[in-house]
1. Which pairs turn up if I take residues in the range 72-91 that are assigned by TED's automatic domain parsing to the domain that holds Met57 and within 23 Å of Arg122 (Cβ to Cβ) and look for partners that are of a type in the set (Gly, Ala, Ser) and assigned to a loop (DSSP other than H, G, I, E, B) with beta carbon separation below 6 Å, at least 6 apart in sequence or on another chain?
2. Checking the structure you have, find out if any residue of the range 177-186 is surrounded by 14 or more Cβ atoms within 10 Å (Cβ to Cβ) and at pLDDT below 80.
3. Cβ-Cβ under 7 Å, sequence separation 6+ or interchain: first residue in the range 116-128 and not assigned by TED's automatic domain parsing to the domain that holds Glu26, partner in a helix (DSSP H, G or I) and surrounded by 12 or more Cβ atoms within 10 Å (Cβ to Cβ). Which pairs?
4. Consider the range 272-293. How many of its residues are among the hydroxyl-bearing types (Ser, Thr, Tyr) and surrounded by fewer than 10 Cβ atoms within 10 Å (Cβ to Cβ)?
5. Run Val226 past the list (1) over 21 Å from Leu349 (Cβ atoms); (2) out of contact with any Lys or Arg (no Cβ under 8 Å at 6 or more places or on another chain); (3) modelled with pLDDT of 90 or more; (4) of a type in the set (A, V, I, L, M) and report the number of the one that doesn't hold.
6. State which residue is farthest from Ala191 (Cα to Cα) when the search covers only the range 162-179 and only residues that are part of a helix (DSSP H, G or I) and of a type in the set (Ser, Thr, Tyr).
7. Of the conditions (1) of a type in the set (Gly, Ala, Ser); (2) assigned to a loop (DSSP other than H, G, I, E, B); (3) surrounded by 16 or more Cβ atoms within 10 Å (Cβ to Cβ), Gly27 fails just one. Which one is it?
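The values are calculated or read from the model by the stated rules, or taken from the named source; none is laboratory data. Here the structure is a predicted model, which means the values were calculated and not measured. Ideal geometry is used to build each Cβ from the backbone, glycine not excepted, and the neighbour counts take in all protein chains shown.
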Amino acid sequence: MPAPKILVVDDQPINVQLLKRKLEKEGIEITTAFNGQEALDSVAKNKPDLILLDMMMPDMDGIEVCQRLQANEASRAIPVIFVTARNNKEGKIEGLGVGAVDYITKPIDLDETLARVQTQLRFVAINREMIDLQRRLAEARRAATIGAVTQGVAHNLNNLLGVVLGYLDLIKTHYEKPEQVKRNAAQVESAVQRIVVIIRQLSSLIIKSRFPLARCKLDELLDGAVARYRNDSNINQAVVIENPLGSLAIDTHVEVFEDIVGKILINAWESYGDKPADARPIWLRTSLVEKTEGRFVRLTIDDAGNGIDENIRDHMFEPFISTKHTVGVGMGLTVARHTLRNLGGELSLEDRVGGGTSAILLHPIEHKMRK
């Protein structure tokens with residue numbers, strides 16, 4: 001494991017040498033700087049794990065150095081310990097306020113300094129371990145998803161192709177019976193359309209680029225999404241829309257928005273199983289959500305269907321996970337969440353009070369990339 005690297009910055013050479021000698025005895029690699037600009041240049045070149053920074057320096061003091069480090073993405077995460085002769089409360093608050101993690105007062109107590117340095121280096125090590133763990137978890141999830149998609153695609157396409165070949169054999173066998181040929185051809189067409197849907201969904205999962213966005217009125221988006229869902233699925237029953245936000249303008253892509261909402265609506269419709277069409281209520285409600293990332297529209301799509309199946313609760317967003325036994329289904333939620341995340345939003349499912357399921361869609365009102 002490489003030795004930790006610390007940058008010591010002070011315009012007084014004696015302070016630099018004292019700290020350098022003490023820390024090097026502990027196996028720490030030390031680089032030095034004697035003014036603010038040297039410190040910034042050294043950080044860019046050497047990428048230290050920790051910076052000991054004097055607050056009071058000519059030309060560019062420690063406060064400005066720390067501010068510049070915080071403004072740079074490459075150096076923002078490097079912890080800074082201020083070394084200061086100012087022992088008053090205001091000075092300490094000022095230092096912590098610009099991003100320092102700790103402070104040491106002059107005259108320097110070398111043993112105390114070493115203890116504070118070692119504490120911060122432990123934090124750095126823990127943070128790196130967490131980042132590495134997150135990276136490995138992400139890689140594991142990605143590998144698992146690729147495996148699930150590959151297996152699911154192979155299974156579904158094989159089944160669908162088997163359906164196609166089976167009905168083609170029937171057509172060849174009964175070619176002299178036009179009505180039977182027509183029925184069998186319809187089955188072939190249906191299976192081929194399911195294959196097309198799978199390929200289209202896979203393409204949408206691969207796409208990571210941002211969609212071109214436009215400023216759209218929420219009420220028109222919801223009406224369009226519901227109309228498209230009813231038309232595409234040949235469903236006559238209305239969706240109850242409660243939209244207190246009215247014509248609030250949001251940045252989105254109309255077709256993508258309608259597709260996401262449509263996938264959730266058909267999921268809600270199918271949650272009722274074999275119930276008659278007039279016994280399948282679906283509600284769509286809107287509200288505003290304030291988050292640190294900005295303002296979001298919260299779309300809640302409720303149904304009173306069979307609820308979340310316990311057998312798939314932990315895998316609902318994995319591809320080809322479905323309670324239906326029809327060949328060629330099971331990617332709607334996967335695609336919807338993936339697409340919504342590309343728009344800067346999120347999708348989750350939870351149990352609805354009173355039975356059924358609540359789908360929660362968060363969509364940003366203003367997109368950061370919008371020109």
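1. The qualifying pairs are Val80/Ala100; Phe82/Ala100.
2. no
3. Val117/Leu23
4. 1
5. (1)
6. Filtering the range 162-179 for residues part of a helix (DSSP H, G or I) gives 162-173, 178-179.
Going one step further and asking which of them are of a type in the set (Ser, Thr, Tyr), we end up with 167, 173.
On the way: Tyr167: 10, Thr173: 19 Å.
That would be Thr173.
7. Every condition holds for Gly27 apart from (3).
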